[in-house]
Amino acid sequence: MKYTQLGRTGLKVSRLVLGTMNFGPQTGEPESHALMDSALDAGINVIDTANVYGWGENKGRTEEIIGTWFAQGGRRREKTVLATKVYGSMAPEGEPWPNYDRLSAVNIRRAVDESLRRLKTDHIDVYQFHHVDRQTPFEEIWQAVEVLIQQGKILYAGSSNFPGWKIAQANEAAARTGRLGLVSEQCLYNLAERRAEMEVIPAAGAYGLGVIPWSPLHGGMLGGALRKAAASGRSWTGLSGNALADSSVRAQVQAYEDLLDKHGLEPGEVALAWLLTRPGVTGPIVGPRTQEQLASALRAVELELSAELLAALDEIFPGPGPAPEAFAW
């Protein structure tokens, strides 16, 4: 495994991040534990989750599965950089009670303690704001975060799904009071969805945030979706959130798969390897459901893409270009 710094911090993290959104809803506890063991054995030291994972009446279940894994010992917790998130409602199902969601000081305090209980640990390494909260000023958010840092319950704060201007606003508010501010941003970023290059990634670079892309295969679309559909005899209809219903998107994906067939490369591995070449990217989140999918993701870290292949990928999936040129002239 290769490692890098998380943004401007001194924290060393692996070039792949193990995502756990499937743990519970799709992957049972024993299989989830086995995947985490395999990831740790392979050198992946970052596990990413969220308090709402498990969803619906089972929200919090994913953190519980990680907690029972930590409880097995073997220095699992000590070897892991643990990241979780706060924002979504954790009110009891069917009880839309106020102050159980968003980023108020009240909810942050409650949510941290509940996550720590489920995760069976005394601290969270990177505590992330899952979404922008338009109702809570950053001064309140940073005050709540500072209390948690002083209590030893969290070490760093990160964001997820923030626009560039909110990254700037958050870190300027933190700087005014001498606080570290955001150190990472999780954003939707992959070959087929490159809008983050316009402002989010430049903002992250300017403020020293590590970029952690989620959905690196764009819902499976970049993982050989058309090839798999043809091999199984299934229709591509419904794949990748119906994105392939668009004939122009389908043509791009077909060109992508044809290009990689000529080079003898696996589409999913190339999609991950491409992200690892992008400026500012710390490491994409991979959410394997099987050991085979994890092994494929690990191969991507060692995959070297030629300049010729990178140029061909840019032709198929051109980026939007930097802002403001991309939309102003």
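The values are calculated or read from the model by the stated rules, or taken from the named source; none is laboratory data. On a predicted model such as this, the values are computed, not experimentally measured, just so you know. Reconstructed Cβ throughout: ideal geometry from the backbone, glycine too, with neighbour counts over all protein chains shown. Quick note on the areas: whole protein, heavy atoms, side chains included, nothing else; ligands and nucleic acids left out. Shrake-Rupley method; radii C 1.70, N 1.55, O 1.52, S 1.80 Å.
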Rounded to the nearest 0.05, what FRET efficiency do Asp122 and Asp246 give with R0 = 56 Å and r taken as the Cβ-Cβ distance? Could you check?
0.70
Expressed as a percent, the accessible surface of the chain that is carbon or sulfur, using a 1.4 Å probe and the full set of protein chains, is 51 percent
Gained length - Met1 relative to Ala34, 0.36 nm times residue gap less alpha-carbon distance
10.0 nm
The chain: angle of helix 164-176 to the longest principal axis, Cα-based, in degrees nearest 10:
30 degrees
Nearest 10 degrees is fine. How inclined is helix 138-150 to the longest principal axis of the chain, computing both from alpha carbons?
70 degrees
Just to be sure I understand: of the beta bridges DSSP finds with both ends in the chain, what percent are antiparallel, rounded to 5?
15 percent
Charge context of Ala105, other residues only, Cβ under 12 angstrom, K/R +1, D/E -1
-1
Can you tell me the order of 11-18, 101-108, 315-322 when each peptide is scored by its average per-residue count of other Cβ atoms within 10 angstrom, highest first?
11-18, 101-108, 315-322
Net charge of neighbours whose Cβ lies under 12 Å from the Cβ of Ser184, counting Lys and Arg as +1 and Asp and Glu as -1
-1
For the chain, the longest principal axis of the Cα atoms and the Cα long axis of helix 105-119 enclose an angle in degrees, to the nearest 10, of 70 degrees
Structure-based [θ]222 nm, the chain - -39500 (n - 2.57) summed over DSSP H runs of at least 4, per residue, nearest 500
-12500 deg cm²/dmol
Average accessible surface area per residue within the chain, 1.4 Å rolling probe, Å²
45 Å²
Within the under-10-Å Cβ sphere about Thr4, not counting Thr4, Lys/Arg +1 and Asp/Glu -1 give a net charge of +3
Which one of Ala50, Met1, Thr20 is farthest out on the positive end of the charge dipole of region 1-138, using unit charges on Cβ (Lys, Arg +1; Asp, Glu -1) and the Cα centre as origin?
Met1
What's the tally of Lys pairs in the chain whose alpha-carbon atoms lie under 20 angstrom apart, where the two lysines are 8 or more places apart or on different chains?
14
How many nm is it between the label spots at Gln291 and Ala311, if each spot is 7 Å from the Cα in line with the beta carbon?
4.2 nm
